[in-house]
1. Can you list the chymotrypsin sites (Phe, Trp or Tyr not before Pro) in the stretch 66-122 that are in a DSSP coil and have 16 or fewer other beta carbons within 10 angstrom?
2. To the nearest 0.05, what FRET efficiency results for residue 110 and residue 36 with a Förster distance of 22 Å applied to their C-beta separation?
3. Please report Rg over Rh for the stretch 36-110, where both radii come from the alpha carbon positions and Rh follows the Kirkwood definition.
4. Quick check: with the 1.4 Å probe, what order do 53, 72, 78 take by accessible area, largest first?
Amino acid sequence: MRTEAIGADEPAVTAGENRRTRRFWVPLVWAAVPALLVTLFTCFFWRYYEPPEFVVGVLFFAVVIPAAVMCEKLGFGEFSILGGSTVPDWLFFSVMMVLVYLYCLVLVGAGALCAYSARREK
C-alpha cells in the first residue's frame, strides 16, 4: 500500500505566484504586548499614582463590570462594588486580564486588517 499526499499531482504553488504563509500565533503574541502593558499599569502604577478619571471610567465600564457579570454568571460568587464581594480577588483579576487580552486581540486584528487593505490598494 502506497501513501500519497492529498493533491500530490498538483503543485502547491503555481509558477510565478508568491505564496506567503501566515502564522496563526503571530496576532496572539502581538495582542499580548498591550495586554501586558495594561496589566503592569494596573498592578504597579495604580498604587503610586492617581490615574485620570477618564482612565478609571474606561477600565471600570469596559473591564470591571463585564468581569463581575462573568464571575457571577459562572457561579464564582457575588460581586459588590461597595465591598463584601465573595469572588476571589485572584480569579476576578484573572478574568479582567483575559478581557483586556481579548480587547487587545480585536484591536490587533483591526490594525492588521487596515494594514492589509492599505497594502492591497497600492
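The values are calculated or read from the model by the stated rules, or taken from the named source; none is laboratory data. All values derive from a computational prediction rather than experimental measurement. Ideal geometry is used to build each Cβ from the backbone, glycine not excepted, and the neighbour counts take in all protein chains shown. Keep in mind that these areas ignore ligands, DNA and RNA; they rest on the heavy atoms of the full protein, side chains included. Shrake-Rupley method; radii C 1.70, N 1.55, O 1.52, S 1.80 Å.
1. Details: sites: 76, 79, 90, 92, 93, 101, 103, 116; in loops: 76, 79.
Hits after loop and neighbour filter: 76.
2. Numbers: r = 19 Å, r/R0 = 0.87.
The pair residue 110/residue 36 has a calculated efficiency of 0.70.
3. Numbers: Rg = 12.9 Å, Rh = 13.2 Å.
Radius of gyration over Kirkwood radius for the stretch 36-110 works out to 0.98.
4. Values: 53 165, 72 75, 78 120 Å².
From most exposed to least exposed: 53, 78, 72.
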